[in-house]
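One structure is given below, encoded as structure tokens.
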Amino acid sequence: PFVLWGVVFRAFFAKEGTFFLVKTNEQWVDGKIVDSPDGLTLLDTVNFHNPLSFPGNQNQTMCKWSARTALALSNSVPGPLLEAENITYENDIISDQGSEMTDGCGTANRATTLAVSRLVDPESYSVAFQFRLGGLKGSKFANDNDLFLQGMALEDATTSTREPFKVIGRNSQVKIRYPPGHHDPLDPTLRIIDILRLSHMRSPSSISAETIINLSDNG
């Protein structure tokens with residue numbers, strides 16, 4: 001453990017030669033560590049973010065589970081706050097050959113992409129962005145209560161900037177599942193878009209085979 005000003009921190013995760021500490025429900029008193037009424041235990045912190053004991057997460061290998069736990073530690077910019085009813089779901093698009101044509105990519109309305117672009121770069125306007133987001137209710141996913149998404153969101157060009165912020169997630173974007181009652185449904189942090197990066201174009205550039213296939217299939 002690490003003790004700073006009487007507060008106990010413990011190692012939570014190691015990544016790229018750096019380890020991350022979290023504050024626990026412990027404190028340093030008279031030369032020893034004792035329980036504190038504030039905070040979570042180290043194990044409770046892990047289970048709060050990525051509960052391995054929940055059956056919905058047990059189809060992952062330990063390597064995959066560890067990688068998804070690290071999602072909370074990547075740098076992000078807090079984006080717009082969405083109302084719960086404006087975080088919705090639609091099915092992935094599957095080709096005749098069984099491939100997921102929308103793998104890891106949902107949609108957002110024009111109001112959301114504009115707000116996200118202005119937050120990161122006031123002089124830009126990106127029609128796609130990479131994000132993290134909780135707060136998607138799991139009625140479409142059997143017994144899950146909340147789902148943690150990460151992936152891309154592509155602007156729906158048929159929408160307006162006058163609409164409320166909206167994001168539509170897909171099953172291929174679901175990284176972590178939570179049991180009923182795991183999170184406080186009124187917690188606004190679950191409905192804030194964590195912006196990871198905006199789309200951008202480099203010039204000159206080369207076009208990949210995947211892009212050619214996408215252009216051919218989708219016009």
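The values are calculated or read from the model by the stated rules, or taken from the named source; none is laboratory data. These figures come from a predicted structure and were not determined experimentally. A quick note on method: Cβ atoms are made from the backbone with ideal geometry, for glycine too, and the neighbour counts reach across all protein chains shown. Only protein heavy atoms, including side chains, enter the accessible area calculation; ligands, DNA and RNA are left aside. Shrake-Rupley method; radii C 1.70, N 1.55, O 1.52, S 1.80 Å.
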Scanning region 118-139 for residues that are under 19 Å from Pro164 (Cβ atoms), assigned to a helix (DSSP H, G or I) and touching a residue at least 24 places away in the same chain (Cβ under 8 Å) gives Leu119
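A quick yes/no check of all residues on (1) touching a strand residue (DSSP E or B) at 6+ places or on another chain (Cβ under 6 Å); (2) within 30 Å of Leu198 (Cα to Cα):
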{"position": "Pro1", "(1), (2)": "yes, no"}
{"position": "Trp5", "(1), (2)": "no, no"}
{"position": "Thr18", "(1), (2)": "no, yes"}
{"position": "Thr24", "(1), (2)": "yes, no"}
{"position": "Ile33", "(1), (2)": "yes, no"}
{"position": "Phe48", "(1), (2)": "no, yes"}
{"position": "Pro51", "(1), (2)": "no, yes"}
{"position": "Asn59", "(1), (2)": "no, no"}
{"position": "Ala72", "(1), (2)": "no, yes"}
Is it true that some residue in region 166-174 is open to solvent by less than 30 Å² (accessible area, probe 1.4 Å), closer than 16 Å to Asn109 by Cα, modelled with pLDDT of 85 or more and aliphatic (A, V, I, L, M)?
-> yes
Taking the stated definitions as given, is Lys23 open to solvent by 90 Å² or more (accessible area, probe 1.4 Å), part of a helix (DSSP H, G or I) and over 30 Å from Asp121 (Cα atoms)?
-> no
Taking only pairs six or more apart or across chains, which ones have beta-carbon atoms under 8 Å, a first residue in region 154-167 that is touching a residue at least 60 places away in the same chain (Cβ under 8 Å) and in a loop (DSSP other than H, G, I, E, B), and a second residue that is open to solvent by 80 Å² or more (accessible area, probe 1.4 Å) and among the charged types (D, E, K, R)?
-> Pro164/Glu83; Phe165/Glu83
Here the residues within region 35-46 that are in contact with a strand residue (DSSP E or B) (Cβ under 7 Å, 6 or more places away or on another chain) and not in a strand (DSSP E or B) are Ser36, Asp38, Gly39, Thr41, Leu42, Thr45
Can you confirm whether region 94-117 contains a residue that is assigned to a loop (DSSP other than H, G, I, E, B), open to solvent by 70 Å² or more (accessible area, probe 1.4 Å), acidic (Asp, Glu) and at pLDDT 85 or above?
-> yes
Of residues in region 26-46 being closer than 17 Å to Ala72 by Cβ and among the aliphatic types (A, V, I, L, M), the one surrounded by the fewest Cβ atoms within 10 Å (Cβ to Cβ) | Leu43
Filtering region 62-90 down to residues that are at pLDDT 85 or above and part of a loop (DSSP other than H, G, I, E, B), which residue is least open to solvent (accessible area, probe 1.4 Å)?
-> Leu82
